[in-house]
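The values are calculated or read from the model by the stated rules, or taken from the named source; none is laboratory data. Treat the numbers as computed from the prediction; the structure is a model and nothing was measured. Here the Cβ positions follow ideal geometry from the backbone for every residue, glycine too, while neighbour counts run over all protein chains shown. Keep in mind that these areas ignore ligands, DNA and RNA; they rest on the heavy atoms of the full protein, side chains included. Shrake-Rupley method; radii C 1.70, N 1.55, O 1.52, S 1.80 Å.
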Amino acid sequence: MKYLHTLIQGLIMGISESVPGINTSTIAMILGIYDKFFNFLHGVTNIIKAALQLFTKKISIKELKKELSKVDIKFGLLIFLGIIISIASISHIIGLLLNTIPQYIYALFFGIILGAISIPWNNMRTKGLKEIFVLLTTFILFFIILGLKPITMQENPTLLLLFLGGALSISTMGIPAVNTSFILLILGLYEYIFSVIKNFTKLQISSNDLINITVFCLGLFVGFVLFIRLTKYLLDKFHSIMMAFIMGIMIASLRLLWPFVDPNTGENFREMQKVLPWNSDIEKLVLTFIIIIVTAILTSFLTSRTKKHKHSTTP
């Protein structure tokens with residue numbers, strides 16, 4: 001039953017990758033498993049480090065096994081199995097809904113973030129001027145960044161851009177923020193990377209694409225190790241400031257999820273101009289507000305229940 005519960009948590013986390021403005025770490029925080037999820041990611045980087053040390057004969061196999069024993073492998077495998085299953089199946093349903101009723105789906109995720117904003121605030125050990133400054137600065141900076149228009153699709157991206165794209169996109173895994181797809185979209189790599197992956201599945205891959213995807217994967221690897229270890233260090237040394245940083249990103253991400261648009265300003269929902277609620281379609285306005293409010297309340301209730309459960313099970 002415990003394993004099934006973990007798998008379901010992975011499935012829920014995977015859904016988040018379908019919508020910009022929300023990612024797996026955000027959902028992990030709402031589900032109350034962020035610390036466990038992040039510790040698993042950090043444990044994986046320790047295993048990679050130990051494996052490299054073994055390769056250079058700086059440590060023994062016994063020491064590598066010791067690092068392996070510190071990581072909750074079953075938890076990690078079940079979470080990522082759930083994420084993969086979700087992306088391969090459930091996320092397609094979300095994608096279909098985004099094409100048919102995008103305003104309501106965005107309202108749903110807007111409500112989720114709205115209800116979860118208090119989590120990093122409640123996790124701050126101190127709430128002084130430094131934390132407030134970091135929160136406001138992060139919000140303003142990311143609000144501007146998330147408003148940038150995506151770069152024109154890169155048909156033949158440079159190796160440096162592919163490496164940086166891989167490193168930056170994977171960096172979002174450890175911090176509740178925008179997801180990998182959005183980073184690739186901003187860099188103009190989204191369509192190229194997914195077209196190459198599609199060609200891979202059809203066994204139609206050129207030598208140039210093979211080199212490019214290898215460099216991209218190298219960026220993913222380096223970015224994962226560096227950003228997870230850096231985030232771990234910052235969380236340990238500057239916990240409250242990092243929580244303020246995370247909270248600033250979460251508030252700023254609401255810009256991406258804003259569900260009120262003018263349908264006459266674009267062919268699809270993402271291209272439509274965002275407007276104030278009373279300037280949007282009046283027929284959808286009430287239902288959109290209901291979805292946001294109900295989802296925010298349910299998310300807030302879920303996070304409070306999760307927090308109480310964690311406290312009751314702590315020895």
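Values as computed for the structure displayed
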quantity	calculated
Total residues in segment 67-80, condition open to solvent by 100 Å² or more (accessible area, probe 1.4 Å) and either touching a residue at least 60 places away in the same chain (Cβ under 8 Å) or farther than 19 Å from Arg229 by Cα (or both)	2
Exclusive hit being aromatic (Phe, Trp, Tyr), open to solvent by 80 Å² or more (accessible area, probe 1.4 Å) and under 23 Å from Met29 (Cα atoms), set Phe143, Phe109	Phe143
Index of the failed condition, Leu187 passing every other in (1) closer than 14 Å to Ile145 by Cβ; (2) within 14 Å of the chain's Cα centre (by Cα)	(2)
In segment 82-91, residue least open to solvent (accessible area, probe 1.4 Å) [restricted to those that are closer than 18 Å to Phe224 by Cβ and in contact with a Ser or Thr (Cβ under 9 Å, 6 or more places away or on another chain)]	Ile83
Answer residue from segment 259-289, given it is surrounded by fewer than 17 Cβ atoms within 10 Å (Cβ to Cβ) and among the aromatic types (Phe, Trp, Tyr) and is nearest to the chain's Cα centre (by Cα) among those	Phe269
Segments classed as helices (runs of 4 or more DSSP H), wholly inside segment 158-218, with at least 3 members that are in contact (Cβ under 8 Å) with a residue 60 or more places away in the chain	180-186
Restricting segment 92-106 to residues that are under 11 Å from Pro259 (Cα atoms) and β-branched (Val, Ile, Thr), the residue that is most open to solvent (accessible area, probe 1.4 Å)	Ile101
Filter result for the condition that a residue is of a type in the set (A, V, I, L, M), open to solvent by 30 Å² or more (accessible area, probe 1.4 Å) and on the phi < 0 side of the Ramachandran plot, over Ile249, Ile183	Ile183
Filtered residue count, segment 51-106, keeping only those that are among the polar types (S, T, N, Q) and farther than 27 Å from Tyr34 by Cα	6
Residues (among the hydroxyl-bearing types (Ser, Thr, Tyr) and surrounded by fewer than 18 Cβ atoms within 10 Å (Cβ to Cβ)) located in segment 146-180	Thr152, Thr158
Output for segment 104-154, where each listed residue is without any contact (Cβ under 8 Å) to a residue 40 or more places away in the chain and either basic (Lys, Arg) or in contact with an Asp or Glu (Cβ under 9 Å, 6 or more places away or on another chain) (or both)	Lys149, Met153, Gln154
Matching residues in segment 32-66 - criterion: being part of a loop (DSSP other than H, G, I, E, B) and open to solvent by less than 30 Å² (accessible area, probe 1.4 Å)	Gly32, Ile33
Failed item, numbered, when Val222 is tested on (1) surrounded by 19 or more Cβ atoms within 10 Å (Cβ to Cβ); (2) in contact with a helix residue (DSSP H, G or I) (Cβ under 6 Å, 6 or more places away or on another chain)	(1)
